[in-house]
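Have a look at the structure below before the remarks.
The values are calculated or read from the model by the stated rules, or taken from the named source; none is laboratory data. Remember, predicted model here, so these are calculated numbers, not experimental data. Neighbour counts are summed over all protein chains in view; Cβ atoms, including those assigned to glycine, are modelled from backbone coordinates with ideal geometry.
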C-alpha cells in the first residue's frame, strides 16, 4: 500500500514538473513576440507598445545604466505614440524598448516583435519593399568627425594626403570616400565607439558616417571634436547617377519603420511627426527642434540651420513628411548612360 502511494506521488510530481516546463517554454515563446506583424494603433489602444531603437548611439539612441533609453530617436517615437493616443482619446501607453541593430530591423518588424522602429533608419528602395515608412522625420548627410585641434582637415580632399580614415567593418560610408580619393588609408573597426576612441588617441585622423551619429559623439566629448561637411570634389558617377561637384555626400532621410499591413498607422504617424515640427505657441522652436538641440547640442544644430539657409545650398534639415518620391526619382544619368 505504501509502495503504491509512493508510486502515485512520484507520477504526480513528474506530471507537475512536466507541466511547469511546458508552461515555461510557452512563456518564452510568447515573450519572443508574435509571428504576425503588430498594429501600432491597436497596441496603443491596448495600453502597451514595443518600440525599437538603437542602444549605442549617443544623442540619437542610447540605453543608460538604469535601463532608460534617451536620444532624439526615442523622443520622436514617444511623441508619435502619445500624439496618436491623445487623438484616440486613450491614455498614453506603457512603452517597452527593444534594441534593434541595423541588420535585424526588417525581421523584427515582420515577426511582430516591435510596433515600430526609429533608429537612424534611412529610408531606401530596398527597405521600403519590406516595411512601410512614416516620415521622413530628419534629413542628414555623410560627414567627417575630426579632432578639434586638427587644422589639416577642413574638407574631404584633405583626406587624400595619406590620412587615416576610420570605418566600421562593412560600412559603405568609408568605401564611398575611398572610391573618390585613392590616397585615403582605411582602418576598419568593429563599432563607431571604437573608431571614436582611436580618433581620441590619434591612431586615426577622421571618422565618417551620418552627421547625426557624429554629432552625438561630438556632443558627448565637448571641445574634443569638430564636424567637417563632405561634398564631391569633382563630378562623379555613383551607381549610374551623376553627382555634381559640390553636391553633398549621401543624403539620408530617417524614417519610422513599421509593418506594411496597416497603412492607417503610417498615416497617423505622419500626422504626429507633422505636429512635432510645428512651432510652439509664441516661439520659433518646435518640439522637434527642442528635442534635436537637447540631443545633439545647440552649436551643431545652429550650424546645420545656417548651412541649409545659405544661398544655393544643397543641404536641408527640415524633412518633407510623407514625401517618398525620392525613392523613385530617376536622378541624372552619367554621361553615356541612356
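Only strands (runs of 3 or more DSSP E) wholly contained in region 233-279 count here; list those with 1 or more residues that are surrounded by fewer than 17 Cβ atoms within 10 Å (Cβ to Cβ) and over 17 Å from the mean Cα position of the chain (by Cα).
Numbers: elements: 236-238, 241-243, 252-258.
Ranges flagged: 236-238, 241-243.
Touching a residue at least 40 places away in the same chain (Cβ under 8 Å), more than 21 Å from the chain's Cα centre (by Cα), assigned to a loop (DSSP other than H, G, I, E, B) and not assigned by TED's automatic domain parsing to the domain that holds residue 210: does that describe residue 331?
Here the answer is yes, as residue 331 does meet what is asked.
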> Would you pick out the residues in region 102-126 that are touching a helix residue (DSSP H, G or I) at 6+ places or on another chain (Cβ under 9 Å) and more than 18 Å from residue 41 (Cβ to Cβ)?
Replying inline: 105, 106, 119, 120, 121, 123, 124, 125
>> So the check is Cβ under 6 Å with 6+ separation or different chains; which pairs have a first residue in region 221-242 that's in contact (Cβ under 8 Å) with a residue 60 or more places away in the chain and a second one that's surrounded by fewer than 17 Cβ atoms within 10 Å (Cβ to Cβ) and not in a loop (DSSP other than H, G, I, E, B)?
In response: 233/157
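Of the residues 284, 290, which single one is more than 29 Å from residue 126 (Cβ to Cβ), in a helix (DSSP H, G or I) and assigned by TED's automatic domain parsing to the domain that holds residue 81?
Working: 284 fails: in a helix (DSSP H, G or I).
Just a single option satisfies the conditions, and that option is 290.
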> Of the residues 60, 116, which is touching a residue at least 12 places away in the same chain (Cβ under 8 Å) and within 11 Å of the chain's Cα centre (by Cα)?
Replying inline: 60
>> If residue 145 satisfies all but one of (1) at pLDDT 95 or above; (2) within 25 Å of residue 328 (Cα to Cα); (3) surrounded by 23 or more Cβ atoms within 10 Å (Cβ to Cβ), what's the number of the condition it fails?
In response: (2)
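Given the structure, is residue 203 modelled with pLDDT of 90 or more, under 27 Å from residue 55 (Cβ atoms) and out of contact with any helix residue (DSSP H, G or I) (no Cβ under 8 Å at 6 or more places or on another chain)?
The answer is yes for residue 203.
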> Does residue 302 count as modelled with pLDDT of 90 or more, part of a helix (DSSP H, G or I) and surrounded by fewer than 17 Cβ atoms within 10 Å (Cβ to Cβ)?
Replying inline: yes
> Mind checking which residues of region 306-319 are exposed (fewer than 14 other Cβ atoms within 10 Å of the Cβ) and either assigned to a helix (DSSP H, G or I) or in contact with a helix residue (DSSP H, G or I) (Cβ under 9 Å, 6 or more places away or on another chain) (or both)?
Replying inline: 306, 309, 313
> In region 149-171, which residue that is in a helix (DSSP H, G or I) and touching a residue at least 60 places away in the same chain (Cβ under 8 Å) is surrounded by the fewest Cβ atoms within 10 Å (Cβ to Cβ)?
Replying inline: 157
> Of everything in region 243-252 that's out of contact with any helix residue (DSSP H, G or I) (no Cβ under 7 Å at 6 or more places or on another chain) and in contact (Cβ under 8 Å) with a residue 12 or more places away in the chain, which residue is nearest to residue 130 (Cα to Cα)?
Replying inline: 252
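Please pick out the residue among 179, 174 that is surrounded by fewer than 15 Cβ atoms within 10 Å (Cβ to Cβ) and not in a loop (DSSP other than H, G, I, E, B).
Working: 174 fails: surrounded by fewer than 15 Cβ atoms within 10 Å (Cβ to Cβ).
Residue meeting the stated conditions: 179.
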